[in-house]
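Remarks on the structure that follows.
The values are calculated or read from the model by the stated rules, or taken from the named source; none is laboratory data. Treat the numbers as computed from the prediction; the structure is a model and nothing was measured. As a convention, Cβ positions derive from the backbone with ideal geometry for all residues, glycine included, and neighbour counts pool all protein chains shown. With ligands, DNA and RNA removed, areas are computed over all heavy atoms of the protein, side chains included. Shrake-Rupley method; radii C 1.70, N 1.55, O 1.52, S 1.80 Å.
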Amino acid sequence: MFDVWKNVLSEIEQAIPHDQYQTWFTDVKLISIDNGTITIEVPNVFKETQIRKKYDSLIRKAFTHNNIDFNDVLYIVSNTSRIRPRSREISVDEINKKTVKKTTPSLKQAAKSFVTGLSPEYTMDNFIVGSNNNLAVAVAKAVINKPGDRKYNPFFLYGGPGLGKTHLVQAIGNELLKNNPELNILYTSTNHFFSEFIDLIKKQKGEEFSKKYQKADVLIIDDFQMIMGKDASQEAFFNIFNDLYQQNKQIIVTSDRLPEEIKTLDERLSTRLAWAGAYDLQLPSFEDKCAILKAKAEFDNIDIEDEAIEYIANSVKTNIRDLEREYRTVMTWAEVRNISPLEVISDGYSNSTSNKNHSLISTKQIVETVAKFYNLKVAEMCSKSRVAHIKTARQVAMYLLSKELNMSTTKIALEVGVKDHTTVMHGIKKIDADLKLDFALREQISSIRESIYA
């Protein structure tokens, strides 16, 4: 019987494009040929529907060519193919949570991880590497291999919200602790640093505060932009920084902007934070988002079609946090309705934040948001002015109209007040080229996108 099935599959494979065969038939099984009925098992409801609609006649013809007499073909869905219920939501940062127990070397280490402020859920294994973060990840691995090396000390990591800064720096801490459980690693947010500093100063225990941080072999400070306006805290951190750096202790700092863009930050401290350069996490590309979603689905043990993954990835324009929120929405609807994720998307689901946001985006909204970001009036931005900052704003508007709305260069020219489409083409190409090296411009466009889709 199963030799017959091999022959049937071979005939089908020759009759349709290879990618279609790989998509629809690699996990389809022949269960039985009994009493004139051929029973075929498919992994989920969606595939059952599509195969029956598109390929039933081809399947029947293939069986006939193999001299099988039958009256009907029955398609059944595997019992294991349904989406499994979840007792709670799982974030993208928990993709490989189960592995953490295996990689934690001892209870002693686990206890130490807890007091250092590190969450064992954040690992390098479950941090998805893509074109948006590969340089930062490479530096992170260098820090893990040789903490304190002046080449990457301090390690300053910046990027917009929801892009994985906290995950990456805590993963560094966890990897270092796994390699050497005796290391004194301390992770804290800037707000906690400030609160602790104020509390101990009030209690006249300033020395105790400094000693705690100066004992760290690795100090990780998150959300450093929150130190704006906190002069005393800046001075305290400046002294701690100098002490640790002189001892070749590793310092890791995250922020949503570059050091020089943090208002009221002491110039001496700003300079020191950039000694080893600054590395950014960018918005994930379409391919990056697809990789994240596939890893998420794999951890959840859920079958999700490539088409569904691509749709979700294309819908979310903001950050990874919103991407996982959209993923959970689709999965919840699929679970509630007991249908495949792609069927949910095909039917149109009402609770999709990305669909709502995307459907509301207009040319006017993009132009107004860009103008507001650069403190310009729309008429001023769309004028013929050649003043540098106005010209840059106009080119950013061109770039976003092209990328977010897929507008033609001719239509964009009309919207931003330039003569012809060649000027638009030049503007878009210039922004594309500048984004490769201009970290500040990346941050600006990221912020504008977040405002557009907020």
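The condition (being at pLDDT 85 or above, in contact with an Asp or Glu (Cβ under 9 Å, 6 or more places away or on another chain) and closer than 19 Å to H167 by Cα) is satisfied by just one residue among D280, D266, D231, D288: D280. Taken over the stretch 159-199, the criterion of being out of contact with any strand residue (DSSP E or B) (no Cβ under 7 Å at 6 or more places or on another chain), of a type in the set (A, V, I, L, M) and either open to solvent by 10 Å² or more (accessible area, probe 1.4 Å) or at pLDDT below 90 (or both) is satisfied by I198 alone.
Table: residues versus (1) in a helix (DSSP H, G or I); (2) open to solvent by less than 20 Å² (accessible area, probe 1.4 Å); (3) under 23 Å from N406 (Cβ atoms); (4) among the hydroxyl-bearing types (S, T, Y).
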| residue | (1), (2), (3), (4) |
| --- | --- |
| R272 | yes, no, no, no |
| L293 | yes, yes, yes, no |
| Y311 | yes, no, yes, yes |
| W333 | yes, no, no, no |
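Any idea how many residues of the stretch 3-42 are of a type outside the set (V, I, T) and in a helix (DSSP H, G or I)? Working first, answer last.
Our first condition is that a residue be of a type outside the set (V, I, T); within the stretch 3-42, this holds for 3, 5-7, 9-11, 13-15, 17-22, 24-25, 27, 29-30, 32, 34-36, 41.
In the following step, the residues that additionally are in a helix (DSSP H, G or I) were identified as 3, 5-7, 9-11, 13-15, 18-22, 24-25.
Of the residues in that region, 17 qualify.
Show me the helices (runs of 4 or more DSSP H) found entirely inside the stretch 381-454 where at least 3 residues are touching a residue at least 60 places away in the same chain (Cβ under 8 Å), open to solvent by less than 30 Å² (accessible area, probe 1.4 Å) and of a type outside the set (F, W, Y). Show your work before the answer.
Numbers: elements: 388-405, 409-416, 421-435, 439-453.
Passing ranges, in order: 439-453.
All conditions but one from (1) open to solvent by 20 Å² or more (accessible area, probe 1.4 Å); (2) touching a strand residue (DSSP E or B) at 6+ places or on another chain (Cβ under 9 Å); (3) of a type outside the set (D, E, K, R); (4) in a loop (DSSP other than H, G, I, E, B) apply to I304; the one that does not is (2). Restricting attention to the stretch 252-270, the residues that are among the acidic types (D, E) and part of a loop (DSSP other than H, G, I, E, B) total 2.
When the residues of the stretch 28-44 are filtered to those that are over 10 Å from W5 (Cβ atoms) and of a type in the set (D, E, K, R), the one that is least open to solvent (accessible area, probe 1.4 Å) is E41. Scanning the stretch 245-263 for residues that are under 25 Å from G164 (Cβ atoms) and open to solvent by less than 50 Å² (accessible area, probe 1.4 Å) yields K249, Q250, I251, I252, V253, T254, S255, D256, L258, P259, I262.
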